[in-house]
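Since the structure comes first, as C-alpha cells, the remarks are kept for the end.
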Amino acid sequence: MFDPDKLAAKVVALHVDVRDNSIEQPVHRHRKAQLVLAHRGTVMCYIENGLWMVPPGCGVWIPGNMEHSNRVSVDGEISLLFVEPSAVALPTHCCTLLISPLVKELIVRLGSLPQDFVEDSPTGRLTTVLLEELAEMPVEQLHLPFPANVRLRKIANMLIKDPSNRNTIEEWASEVAMSERSLSRLVIIETGMTFGRWRRQLRVIAALHKLSTGSSVQRVSDDLGYDSVSAFITMFKNMLGRTPGYYLSRKTKSTDSCSASWYLGIDGTRIGLTYIRRHLHHDRFRRTKRFYS
C-alpha cells in the first residue's frame with residue numbers, strides 16, 4: 001500500500017483510475033491528513049463510526065492519524081491529496097468539502113509532477129496556491145453517522161442495502177426487539193439525529209451515489225420509493241439546500257476538459273493569471289498554460 005508518510009514533501013498528490021472493478025482499501029491510518037477527491041463515480045469513506053459520501057466535485061477531508069477505509073465505485077476515478085497537518089489550517093474533524101474547479105485542477109497537476117520537490121520551486125509554489133485555496137472550500141452535509149450499537153447497525157445495513165424501505169419506526173423496533181420509544185431514544189444518542197432525519201440523510205447519500213452513475217432524477221426518485229419526483233426533490237433540497245440538478249451539473253462539469261472557467265474562485269469571482277504567475281515560475285507556467293487558459 002502507498003505510504004505518503006515516507007515522502008519528505010509536505011503535500012503529495014496521487015491519481016487513481018479504476019477500470020471495470022470497484023476497489024476497497026483496508027482500514028489504515030497515516031500521519032499526513034488526506035483529501036479524497038472524486039472525478040468520476042463515487043467514493044464511500046468509512047471513518048470514525050461514520051460514512052462519508054464523495055460525489056464528483058466534492059472531497060472528503062480526513063485529518064491525520066485517523067483510521068479510515070475508502071471504497072471506490074466501478075469505473076471510478078479519484079485523486080488523493082496528502083498534507084502534513086502543520087501545512088494548512090483545515091478542520092480537525094472529518095468533513096465533505098465542495099471543491100472548486102481551481103483546486104481540482106491544481107491537485108490533478110500536482111499529481112502529474114515528481115514528488116521529490118523542494119518548497120522554493122515551481123511545484124512548491126503550486127502547492128502554496130493549492131493550500132491557500134483549499135482552506136477556503138465550504139463544507140457539505142454529506143455525512144451519515146454510523147451507529148455503534150449492534151441492533152442499530154442491523155437497521156443501518158438493511159437500509160443501506162435497500163434505501164427505498166418504508167418500514168415505520170414501530171416496524172423497525174419490532175425487527176430488533178425494542179420498544180418504539182427506546183429505539184427513538186437510542187438513535188438520537190448514537191447519531192445525534194431523529195430516526196426520520198437519519199433515514200432521510202441516508203437516502204440523500206444513496207441518491208447522490210445513483211446520480212453520479214448517470215441515473216436520471218426520475219429514476220432515482222423511483223428507486224428510493226418516492227410517490228413523485230417533486231416529493232423527492234423537496235426532500236433533497238430540504239436536506240442539502242440544493243436540488244439534485246445542481247449535483248448533476250457538477251458531475252457534468254467534473255468530466256469536461258479544462259477551460260477558462262476552471263480558475264473561478266469559490267465565491268464565483270475570477271482569479272486572474274497575475275495571481276497564479278505570482279506563485280508559479282514563469283517558464284513552468286508557459287509549459288502548462290493549457291491548464292490556465
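The values are calculated or read from the model by the stated rules, or taken from the named source; none is laboratory data. All of these numbers come straight from a predicted model, not from anything done at the bench. With ideal geometry, Cβ positions are generated from the backbone for all residues, glycine too; neighbour counts draw on all protein chains shown.
Summary of computed values
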item: From Asp120, Asp116, residue being in contact with a Leu (Cβ under 9 Å, 6 or more places away or on another chain), among the acidic types (Asp, Glu) and exposed (fewer than 15 other Cβ atoms within 10 Å of the Cβ); result: Asp116
item: Test for Arg166: is it among the basic types (Lys, Arg) and surrounded by 17 or more Cβ atoms within 10 Å (Cβ to Cβ); result: no
item: Residue that is farther than 16 Å from Glu105 by Cα, without any contact (Cβ under 8 Å) to a residue 40 or more places away in the chain and in contact with a strand residue (DSSP E or B) (Cβ under 9 Å, 6 or more places away or on another chain), where the choices are Val54, Val43; result: Val43
item: Every residue from region 88-97 that is within 19 Å of Leu14 (Cα to Cα) and out of contact with any Leu (no Cβ under 6 Å at 6 or more places or on another chain); result: Leu97
item: Near pairs, Cβ below 9 angstrom, 6+ apart or cross-chain, from region 180-192 (farther than 9 Å from Pro147 by Cβ) to any residue that is among the polar types (S, T, N, Q) and part of a helix (DSSP H, G or I); result: Glu180/Ser174
item: Selection status of Ile266, over 14 Å from Leu142 (Cα atoms), modelled with pLDDT under 70 and touching a Ser or Thr at 6+ places or on another chain (Cβ under 9 Å); result: yes
